[in-house]
Amino acid sequence: MDILRVDHLTKTYGTGDTAVRALDDVSFSVAGGEFVAIIGSSGSGKSTLLHMIGGVDRPTSGTVYLNGEDVFERSDEQLAVFRRREVGLVYQFYNLVPVLDVVENMCLPVLMDGRKVNERRLTALLSRLGLTGREHHLPNQLSGGQQQRVAIGRALMNAPAVVLADEPTGNLDSKNSAEIMALLRKSNRELRQTLIVITHDEDIALSADRVIALEDGRIASDTRAR
Amino acid sequence: MAKHFKGDKGTRDDKDRALAAAVAPRGNVFTRFTLRSLRANRVRTTVTIVGVALATGLLMAVLASVTSLHAAIVNYMRSTDGVWQESFDYTDDATLGNLRTLAGDHLDRLATRRDLGAVALSEENAEYAGAYLGIYDLPVESANTPRAAGDTDYAVYPTPELDEGRLPEKPGEIALPAYLRGETLVSGASQLSGVDSGATSEGELELGSEVTLAAGRRVWASEPETPIKSGALFQVEYSYETGEDGSINEGKTVLETLTDVGEARTYTVVGFVNTSYSDGNVAYVSPDEPAMTASESAVGNAFFSTTGYASEDELDQLMVRLLGEDGSWATNSSLLMYQGLDTGRQITTSLVLFAGVLAAVIVVAAVSLISNAFRISISERTRQFGLLASLGASRQQLRRTVYVEAGIIGLIGIPIGVALGIGGAAVAFALTAEGWSMIVGNGVTVGLVLRPLDAVAAIALGALALLVSALAPAVRASSVSAVDAIRQTQDVRPSKRLLRVFRRRRTAMDDFSADGRRPRGLAARLGGMPAFLARRTLAVSAGKSRASAMALAVSVALLVTAGLVSDYLSGMTSYIDYGGSADMQMWVSMSETSSELADSPAAVNMNDITTEISRVSGVKEGSASGIVRTYGSVHVDPAGVNWDAVDAYDASSPYGGFQMDREGYGSADFYLVDDATWHALAADLGLSGDAADPEHASCVAFNRVSTTNESTYGTVEPFTGSAETIDVLLADLADNQWLGMNDDGIYGLRERNEDATEVTFVSPASELGLQTMSVPVVACTDDLGESFPIGSTLMAEATGLTFVMPASAVFGSELESAMSTSIIQYFASFVEGADENAVTEGIQEAFGARGDIDTVTINNLRESLREYNAMIFTVNVFLYCFIAITMAIAVANVFNTIASGLMLRTREFAALQSMGMGRRAFRRMIFLECADFAVKGLVGGVMLATLVNWGFFAALSSSISTLTFEMPWGHVALAFAVVAVVLAASAGYALHKTHAMNLVEALRADAL
């Protein structure tokens, strides 16, 4: 059962002579609960692809279907709702809101949706992320690894169908990297969440169910493990 | 950021190098780095340069204005008192030679005149003309002195101001003081014992009269060797002694005497001059006039100016060398004070203080603007600085980058500012030259005066502001660590209060409201997530925005205060606003004073006179009117009187009680008007038939009396409006009798006894059985309409009832003898564009041609109003220029704060949006943040302005009783609008910028 279908996705930045084709007619599908690693050199279009899937950016042509629905048929406001409910995004540079504490950052998508914060889920996540006791710290009072764990907590808090991570460990040491990946992997397995990770890390790529390699905006290879 | 330059890297680098070489001779990588970052952030750089330019320009303008006004005041001094600095008397011409030798090149201009002596006046003449008439000749500037570098625009010592005729040109001619015109000089004893009058004339003095004068020398009685200036005050010592019976005996000792009296000579009066305080009671003769005293001696008065002396002390030393330790001389101290030779005097100090306060305000505003811009610029580049540090840049090098940035901004901004300031001041002075001339007086032209020192001061202050602003950011830039650069955290330093709040929260759910649906706190409950986020951002960055909010508040306060000042100023105009429709007010005075109405041709012939006035070309048709103000006694039905109003009047009027007793008897003012004016009034009030007929006795009751006193303002209406008639009392009284209010508040007959020592109350008016004449009241109003020449405010200044009546109905009737004349006035207006002087002259001639009217004084009310308006305009121009520029500085400040603050948070905004915050919620969040800023600035500003207003009010209300405490709401609204527009523009600009970058870019936006 395909939860995600990317259909002839093309994205061009700029116009005329300076136009850069970041994505060039990319199509693939992902089944529910799959763990996909996207690899490729810098500028191969990985991040662009991830942002399209996450509804952060609109494609030049083509579309993305999530749960059978066309993501980009939505208006900007609807797209915002889509982002807070359907996907969880994790960035290399965390992108936490500097004026909110750990818990507020984690619950931001829930709160923006006006829904009730699930206390059990929150405490469970905090303890699993090793953030117990740090609930009311501001991001600049945390280490890099801790900040990334908050970002993951924020992505998982809504229990989204798809978690998208853009080099989540790119900024961390190996110990922290392993912990972060273990967390994502665990959530992927236990909740049958689809996990799409952009990575440069070979170990991470090897642990994925499937590896898609991008090159100059096109899929160079699409390999399933085992 | 570097990518902005990819396209034309080569040329940009060349330019950078050229500018870098100009700014720092050893142009290096740091200078180029600075130039790039300035260019990369073009808008903020421009705003900062504009701020520096505005601040410098404002400083320049203030300094230039003060210098210009100072020059104008000096010119005023020079035009009234001359340019002389020191003056001394001499009897030997060798003294002048000594002066030349001693002063040498310092002597600039020298003028001399002779004090020919004094003429004693008879006791009769002395009563109003003083004991003496001094005789001076006209000052002559010494040709032997090169008019070198100094003051050449004005006379060394001014010639007397002519009132009529001309100045004497040859021996035998004389210009007398104007107060002697029309007088007859008679012989007889003078106020000096044993000295007879030396001045006689044939009949009243006028141009062409002959006057015979015998002048002597005034000397001290105790030291006959020492002369007294002939124009000086009569030297008398008064003494008071209390006698045994308690009576005070006044003693008078004359301390001087007149000697050396020469032969009497006859002079022809060729002119009348206005006497000056410095010369005294003096007549002027030509410089060729031979000496007048018996010994043919004359005292010389020398006046001279110098160049090159640094202080009054140096001048004094010169005088001591010239005249000896005991010598006496006079100093033109007011001029020296303004020339800066005499320091420490009040006026110069207050001018300097005024400029100082303005300059301080500007420097503070400028420092806040520039340092704000720098702070933002530096925090935006924290990572750049960290990176440079990690690559081995020394702290000094980092600091220098900031200083270079300041240097470049100053290099561009300060010259622009100086030019702006000079241009602005020139325009302001050009616009207001007329008003300034009126303020300074004496027809002195006021224009922009530039002094290199002012430009230097403006540049220095601008540079100082820049340096002070750059100091803190420079230190900060040099303290950025490499670690900070590599860590991606933004520079968020939560306030202590916020940290305390977080510390108190224990469990994870403490962050949320009880139902767990929204964050804790009032903001979230009221405004949802946008309000919550805005509130939190403000709480964290409170310190940063406080400075800008305060700057905003100050400029709002300035704007509102400007409105306040201009309101107060225009409020003042209403006090000189005569309220009536007339442009000219003509006072008619007769030498034969009589209060009998029938005796005054100016009153009896009112209709003829108004017709003649209206025939003068340039007089507006139908505008001529005449009013005879008379008073008489009346009886009004007490039921028609508003007794509450009378009580209110009695309680608060400064003129004592209302002139009417409780039975309705009292004194009233009657304004008798010419036929045309009565017709116009009748038309305005809608009267017809007999009521509109000026031959028919009827009256209009003016229903308004002012109760204004020192502390309160008010008017009351003395009539209820029910009275249909009034009874004018026709009393035939003896010379020592009159009708008036008695101390017990009863109106009645009062009588003075034969030796005029006592006044007795004979009987109440009600018991006198007086004949009366009933006059119908055809209207009762507090507004006499547009065409009535006297304004209601002026009419309301009364102590009793006021009625307007047609003069024609009064003359020849019984009423004529019942009314006494006090003032006769005529009024008229100009035809638009008429030559006002020609018109007033024409009217003078028309009056003169009649032959039955002695003198007419014409006040040009329009002229006074125009002069006043010109002055207000002048003050307003300067006030608003100052406010406008301060406002512009504040606007630049707000723009920098808001726009840069928002742009710095690009990543945060992108993160919020990628987390699912919609555009609408996002905009609301930004709106709330800006609104908070606006409210703080506006509320603070309005509060500050209210305080200032209260200060004004407290200061002025003691002198102007009609003052009410009012806020200039128009200006408050203007301030609100300006703030709203600026905030919207700033936020709009910043959001446009952040949106231009797409979310994906923004999310990974490296500060590099």
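Every number here is computed from the coordinates shown, using simple stated rules; none is lab data. What you see is a predicted model; the values in this text were computed from it and never measured. Positions of Cβ are generated from backbone atoms using ideal geometry, with glycine treated the same way; all protein chains shown enter the neighbour counts.
Calculate the FRET efficiency for A:THR18 and A:GLU202 from the Cβ-Cβ distance with a Förster distance of 41 Å, rounded to the nearest 0.05.
Efficiency for this residue pair is about 0.75.
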Tensor-based shape of the protein assembly as shown (alpha-carbon gyration tensor, a/c under 1.5 rounded, otherwise prolate or oblate)
prolate
Can you put A:THR223, B:THR802 in order of Cβ neighbours within 10 angstrom, beginning with the fewest?
A:THR223, B:THR802
Which residues in the stretch B:168-197 place their backbone N less than 13 Å from a point set 7 Å from the Cα of B:LYS252 along the Cα-to-Cβ direction?
B:190-193
Just how large is the dipole of chain A about the Cα centre, in debye to the nearest 20, putting +1 at every Lys and Arg Cβ and -1 at every Asp and Glu Cβ?
800
Over the stretch B:706-836, what is the relative contact order in percent, taking alpha-carbon pairs closer than 8 angstrom and at least six residues apart?
24
Taking B:PHE702, B:PHE895, B:PHE761 and counting other C-beta atoms within 10 Å, the order from fewest to most
B:PHE761, B:PHE895, B:PHE702
Of the candidates A:GLY62, A:GLY130, A:GLY40, which one comes out as most mobile in a Gaussian network treatment of chain A with C-alpha springs shorter than 10 Å?
A:GLY130
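Provide the FRET efficiency to the nearest 0.05 for the B:LEU865-B:SER278 pair, computing r from the beta carbons and using R0 = 30 Å. Numbers along the way, then the final one.
Details: r = 33 Å, r/R0 = 1.11.
FRET efficiency, B:LEU865 to B:SER278: 0.35.
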What shape does the stretch A:162-226 have by the C-alpha gyration tensor, where a ≥ b ≥ c are the square roots of the eigenvalues, rounded means a/c under 1.5, and otherwise prolate means a/b greater than b/c and oblate the rest?
oblate
Average beta-carbon neighbours from other chains, 10 Å sphere, peptide A:105-114:
6
Size of electric dipole in the stretch B:110-216: Cβ of Lys, Arg +1 and of Asp, Glu -1, about Cα centre, debye, nearest 20
480
Averaged over B:917-924, number of beta-carbon atoms from partner chains that fall within 10 Å
4
Please compute the average number of Cβ atoms from other chains found within 10 Å of each residue's Cβ in peptide A:49-58.
3
Find out how many positive minus negative residues lie around B:GLY327, taking Lys and Arg as positive, Asp and Glu as negative, among other residues whose Cβ is under 10 Å from that of B:GLY327.
-2
Classify the stretch B:640-768: rounded, prolate or oblate, from the alpha-carbon gyration tensor (a ≥ b ≥ c, eigenvalue square roots; a/c under 1.5 rounded; otherwise prolate if a/b is larger than b/c)?
oblate
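If you take the beta carbon distance between B:ALA294 and B:TYR238 as r and set R0 to 25 Å, what does 1/(1 + (r/R0)^6) give as a FRET efficiency, to the nearest 0.05? Write out the running numbers ahead of the final one.
Numbers: r = 31 Å, r/R0 = 1.25.
Working from the Cβ atoms, E equals 0.20.
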Counting only helical runs of four or more DSSP H residues, what would the 222 nm mean residue ellipticity of the protein assembly as shown come to if each run contributes -39,500 (n - 2.57) and the total is spread over all its residues?
-15000 deg cm²/dmol
Could you work out the local net charge near B:TYR136, counting Lys and Arg as +1, Asp and Glu as -1, over the other residues with Cβ closer than 11 Å to its Cβ?
-1
For the pair B:ALA651/A:HIS8, report the inter-label distance in nm, with labels modelled 7 Å from Cα in the Cβ direction.
9.3
Please report the orientation-averaged projected area of chain A, defined via the convex hull of its C-alpha atoms, in nm².
12.7
Pulled fully out, how much extra length does the chain show between B:SER513 and B:GLU767, if you take 0.36 nm times their separation in residues and subtract their Cα-Cα distance?
82.5 nm
Using a basic spin-label model with each label point 7 Å from the Cα along Cα→Cβ, how many nm lie between B:HIS696 and B:ASP852?
2.8
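So, counting K/R as plus one and D/E as minus one, what does the shell of residues with Cβ under 14 Å around B:GLY447 add up to?
Net local charge, B:GLY447 excluded: -1.
To the nearest 20 debye, what charge dipole does the protein assembly as shown have about its Cα centre, counting +1 at the Cβ of each Lys and Arg and -1 at the Cβ of each Asp and Glu?
Around 17240 debye, computed over the protein assembly as shown.
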Most exposed first by the Cβ proxy, i.e. fewest other Cβ within 10 Å, how do B:GLU832, B:GLU206 rank?
B:GLU832, B:GLU206
